[in-house]
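Beneath this line is the structure, given in structure tokens, with notes to follow.
Just so it is clear, none of the values below were taken in a lab; they were calculated from the coordinates. In this text the structure is predicted, and so the values were computed from the model without any measurement. We place every Cβ from the backbone using ideal geometry, glycine too, and count neighbours over all the protein chains shown.
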Amino acid sequence: MTDHIKSLILKHLREDLTPAEQAELEDWLNRSEENRSLLRYLESPEQVASAMEKMERMREEAVWQRLQTRTVIQKTAAPATSRIHRIRLIRRWPYPAAAAVLLVIAGIYLFHRPSMEKIPSPSGIPATADNIPPGRNKATLTLAGGRQIILDSAQDGALLQQDSIKIVKLGNGRLAYTAQSSSSPATHNLSYNTLSTPRGGQYQLDLPDGTKVWLNSASSITYPVAFTGHRRMVSVTGEAYFEIAKDKARPFLVKVTAPPDNARGTTKDMDIEVLGTHFNVNAYQDESTVRTTLLEGSIRVSNNSGTRPPALLTAGQQAQVDAGGKIQVLSHVDLEETMAWKNGFFQFNRASLDQVMRQLSRWYDMDIVYEKNIPEMKFGGKMQRDLYLKDMLDILEKTDVHFRIDGRKIIVMP
């Protein structure tokens, strides 16, 4: 493997390839199954974690000094009822260190290649804060007949064809629907698919009209394989970001539902009608409201029951719908905080500990348990989502809260 190919693989892992570089890498992958196997191995978070651990053991003190410059929490003044903990931005590993990691894990792969099938599955390793990786591109595609395709283990390329639409798995966690003919399928034969992410997963979707959708953890979107008629309609749970393809003749409608949870037993829902715009939807069952935040264009928001007047949003506003159907519009929303998850960050602006831990629960696929007498506090700041759980908890433990891991549980202690 040449240094140039190593550089291309590194950029692929960082999702930073140009179109020309992507073509070069695909050409290299198509030369042999061995090359494709190597890339699949390198994409495994468990192997990256193993390489990182080996590097840190060899230069523990140097790495600690580097972390000290990247990982700082500052306590600032706050009202008497709570304390705000400011978190400074954590940056990615610099290029030389990342290249060294790539060399290490490639060497591990090439050395062990004859007996790869005998390597134990990471699922058999007891969960600790040291070996729990961040979320990654994981999703399940459910077809109209109920057949399911696990996308993170499926080969890249065309998966199948439904009606006149080809379904293709692209690189970097994307699924695309492309029309194969100019004729549209009959409405009564239209098939619906569902793309869903688990906790600890995320995925991107290109709908047949060119609309782009990003799904956060524990989310789903149901949509037709082709849009027919006078409007385009999809339904969403969890969190998703939309960039709607403009089509004035066919408005785009998003039906949003947060299923009832055991604690509240109520369903929160929202309808969003757009012509062409960018917006984010948050509809998790453990949040008190369903929220949509507009970044560009305009949207009309209503509750599904139609019991309240709809609200028209302009860029920078957020609509919230509670379990009673009440619609509240907020102006001057922190758009950077709203979009942090899509851009690879955790970002908090006076967030409570419970709000922070709910995000960690979804991204690391962990349950949260609180002991008594946890102090009330607020968090502010920005961190990258590619941290292992141990690094994340180490940062939070610089405040007045502590953690321990019990299987798939994070126990929060005073």
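In terms of the Cα gyration tensor, with a ≥ b ≥ c the square roots of its eigenvalues, is the range 343-413 rounded because a/c is under 1.5, prolate because a/b exceeds b/c, or oblate? The shape class here is oblate.
Here's how it looks for GLN384: its modeled amide H is under 5 Å from those of ILE90, PHE346, which are all 5 or more places away or on a different chain. Rounded to the nearest 20 debye, the dipole size of the range 343-413 about its Cα centre is 180 debye, using +1 on the Cβ of Lys and Arg and -1 on the Cβ of Asp and Glu.
Amide H contacts of GLN162: ILE167, each under 5 Å away and 5 or more positions distant or on a separate chain (H built 1.01 Å from N in the peptide plane; Pro and chain starts excluded).
With K and R counted +1 and D and E -1, the other residues having a Cβ less than 13 Å from that of GLY325 yield a net charge of 0.
For the range 138-337, the gyration tensor built on C-alpha atoms gives a prolate shape. Its axis ratio a/c (a ≥ b ≥ c) is at least 1.5, and a/b is the larger of a/b and b/c. Using the Karplus relation 6.51 cos²θ - 1.76 cosθ + 1.60 with θ = phi - 60°, the per-residue 3J(HN,Hα) values for the range 406-414 come to 10, x, 9, 10, 9, 9, 8, 10, x Hz, with x marking Gly and Pro. Shown in residue order for the range 369-386 are the 3J(HN,Hα) couplings computed by the Karplus curve 6.51 cos²θ - 1.76 cosθ + 1.60 at θ = phi - 60°: 10, 10, 7, 6, 6, 6, x, 6, 8, 10, 10, x, x, 9, 9, 6, 8, 8 Hz (x for Gly and Pro). In a fully extended conformation the segment linking VAL329 and ARG308 would gain 6.3 nm over its present Cα-Cα distance, using 0.36 nm per residue. Of all DSSP-defined beta bridges confined to the range 343-413, some 75% are antiparallel rather than parallel. Close Lys pairs in the range 343-413 (alpha-carbon distance under 19 Å; sequence gap of 8 or more, or different chains): 6.
Lys and Arg at +1, Asp and Glu at -1: add these up for the other residues within a Cβ distance under 10 Å of PHE252 and post the number. Here the count lands on +1. Site pair GLN355 and GLN155 shows an inter-label distance of 4.7 nm when each label is modelled 7 Å from Cα along Cα→Cβ. Remark: the range 337-347, residue by residue, has Karplus-estimated 3J(HN,Hα) of 5, 4, 8, 4, 4, 5, 8, x, 10, 9, 9 Hz, where x stands for each Gly or Pro and the curve is 6.51 cos²θ - 1.76 cosθ + 1.60 at θ = phi - 60°.
Summary value for the range 343-413: 40 percent relative contact order, contacts being C-alpha pairs under 8 angstrom separated by 6+ residues. Just need the relative contact order of the range 138-337 here, percent rounded to a whole number, with Cα pairs under 8 Å and 6+ apart. So the answer I get is 12 percent.
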